[in-house]
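The values are calculated or read from the model by the stated rules, or taken from the named source; none is laboratory data. Note that the coordinates shown come from a computational prediction; the quantities given were computed from them, not determined experimentally. Here the Cβ is made from the backbone with ideal geometry for all residues, glycine too, and neighbour counts use every protein chain on show.
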Amino acid sequence: MNRLDYCQALEEILRHNVVWIEAQSCSGESVMVMKSGCKGMEDLFFHSSPVKFLSLLSSERSGYELIREVLSLNDYVLVVEGALPRDQELCKVKDMTCQDLVVRLAQRARAVVAVGSCAVNGGILRESGANSVGVKDVLGKKVYEVLGCPASDKMIVAALYYALSGGPDA
């Protein structure tokens with residue numbers, strides 16, 4: 001098996017369709033990956049990659065227009081950053097809740113990766129008034145999980161690479 005270094009693995013991941021969304025999140029995992037130190041990271045993320053960010057990092061388009069485009073995609077890895085509130089009014093875009101969006105995107109995703117403690121188990125928001133939950137709590141499918149607050153960028157890349165390479169149940 002060939003071993004890739006971190007930047008090579010990240011570059012390979014960014015050649016694939018990745019849909020990365022933030023629910024209730026501090027953006028810690030996005031920031032960790034963006035600060036990786038890999039050459040050309042901004043160009044890879046924002047200009048030459050099929051990665052779609054539904055988050056604060058969206059530079060060209062955002063909001064409902066981008067959501068409609070992403071909902072029509074097939075064959076992608078879905079990355080969810082942030083918790084999903086049980087009170088769905090706390091996380092909405094127009095008439096769609098974060099939970100609705102995650103469920104709809106997961107149906108067409110080849111794999112789902114939850115990054116950060118909030119996405120894995122509701123994190124600190126689990127005990128708040130939002131009573132938030134993790135991604136696996138609302139999906140009926142396998143979810144690769146990367147714990148941490150914020151999750152390690154190296155572990156995020158490893159999980160994404162593994163999901164794209166067809167790991168068990170991917």
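How many residues does region 78-94 hold that are crowded, with 24+ Cβ neighbours inside 10 Å and hydrophobic (A, V, I, L, M, F, W, C)?
Adding up the residues that qualify gives 5.
Quick one: in region 106-124, which of the residues that are surrounded by fewer than 22 Cβ atoms within 10 Å (Cβ to Cβ) and among the aliphatic types (A, V, I, L, M) is modelled with the highest pLDDT?
Filtering first and then ranking leaves 106.
Would you mind stating whether residue 152 is within 15 Å of the chain's Cα centre (by Cα) and polar (S, T, N, Q)?
Details: within 15 Å of the chain's Cα centre (by Cα): yes; polar (S, T, N, Q): yes.
So residue 152 fits the description; yes.
Looking only at region 125-137, which residues are of a type in the set (Lys, Arg) and either modelled with pLDDT of 95 or more or surrounded by fewer than 16 Cβ atoms within 10 Å (Cβ to Cβ) (or both)?
Keep residues of region 125-137 that are of a type in the set (Lys, Arg), which gives 126, 136.
136 - this is the single residue of region 125-137 that is of a type in the set (Lys, Arg) and either modelled with pLDDT of 95 or more or surrounded by fewer than 16 Cβ atoms within 10 Å (Cβ to Cβ) (or both).
Examine region 44-59 for a residue that is among the charged types (D, E, K, R), at pLDDT below 90 and either exposed (fewer than 15 other Cβ atoms within 10 Å of the Cβ) or over 23 Å from residue 16 (Cα atoms) (or both), and state whether such a residue exists. Can you show your working first?
In the first step, residues of region 44-59 are kept if they are among the charged types (D, E, K, R); the result is 52.
Next cut, at pLDDT below 90 only: 52.
This time we only want the ones that are either exposed (fewer than 15 other Cβ atoms within 10 Å of the Cβ) or over 23 Å from residue 16 (Cα atoms) (or both), so: none.
Taking every residue of region 44-59 in turn, none turns out to be among the charged types (D, E, K, R), at pLDDT below 90 and either exposed (fewer than 15 other Cβ atoms within 10 Å of the Cβ) or over 23 Å from residue 16 (Cα atoms) (or both).
With (1) modelled with pLDDT of 85 or more; (2) in contact with a Pro (Cβ under 6 Å, 6 or more places away or on another chain); (3) not aromatic (Phe, Trp, Tyr) as the list, and residue 78 as the residue in question, which single condition is left unmet?
The failed condition is (2).
Return the residues of region 138-170 that are at pLDDT 95 or above and charged (D, E, K, R); say none if nothing qualifies.
145
Could you check region 105-139 and list, in sequence order, the residues that are of a type in the set (A, V, I, L, M, F, W, C), under 16 Å from the mean Cα position of the chain (by Cα) and part of a loop (DSSP other than H, G, I, E, B)? Give the derivation first.
Initial filter on region 105-139 (of a type in the set (A, V, I, L, M, F, W, C)): 105-106, 109, 111-115, 118-120, 124-125, 130, 133, 135, 138-139.
Checking the rest, the ones that are also under 16 Å from the mean Cα position of the chain (by Cα) come to 105-106, 109, 111-115, 118-120, 133, 135, 138-139.
Once the filter is applied, which keeps residues that are of a type in the set (A, V, I, L, M, F, W, C), under 16 Å from the mean Cα position of the chain (by Cα) and part of a loop (DSSP other than H, G, I, E, B), region 105-139 yields 109, 138, 139.
Considering only region 144-156, state which residues are closer than 14 Å to residue 117 by Cβ and surrounded by fewer than 21 Cβ atoms within 10 Å (Cβ to Cβ).
To start, the set of residues in region 144-156 that are closer than 14 Å to residue 117 by Cβ comprises 145-152, 155-156.
Passing the criteria: 145, 147, 148, 149, 152, 155.
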